[in-house]
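To start, the structure under review is shown below, and the notes come after it.
Values quoted throughout were computed directly from the atomic coordinates according to the rules given, and no laboratory measurement underlies them. Remember, predicted model here, so these are calculated numbers, not experimental data. All Cβ positions, even for glycine, are placed from backbone atoms using ideal geometry, and neighbour counts span all protein chains on display.
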Amino acid sequence: MALVFVFLLGIVNFAMHRAVLASGHPILAQVAWLYRPLGGRFSLIVEFMMLLGSMLLVSSGSPGWAWGYAVYTAINAVSAWLILTRRL
């Protein structure tokens, strides 16, 4: 069940990530080194590696990593909200 939970959180993280990248926020110009390599896909690869690592750790019997990934998702949600609502 924890593996499904992490997978669903991963979908949420990717959706937030794409929304931030599509927003055209000026802060993206300051971190261009992170999202411009590989045609703008480097940051998505990093996001995928976070999801894959969390899923592998959870599937190997460490369900605490699901809580860690949930905290990571919550931090991403706050960050995305700040960027998308132009509060940052």
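Based on the Kirkwood approach, the hydrodynamic radius assigned to the chain is 13.7 Å, with every pair of different Cα atoms included.
Would you mind getting me the FRET efficiency between I75 and F42? Use the beta-carbon distance for r and R0 = 22 Å, nearest 0.05.
On the way: r = 20 Å, r/R0 = 0.91.
Efficiency, from the Cβ-Cβ distance: 0.65.
With K and R counted +1 and D and E -1, the other residues having a Cβ less than 14 Å from that of H25 yield a net charge of +3.
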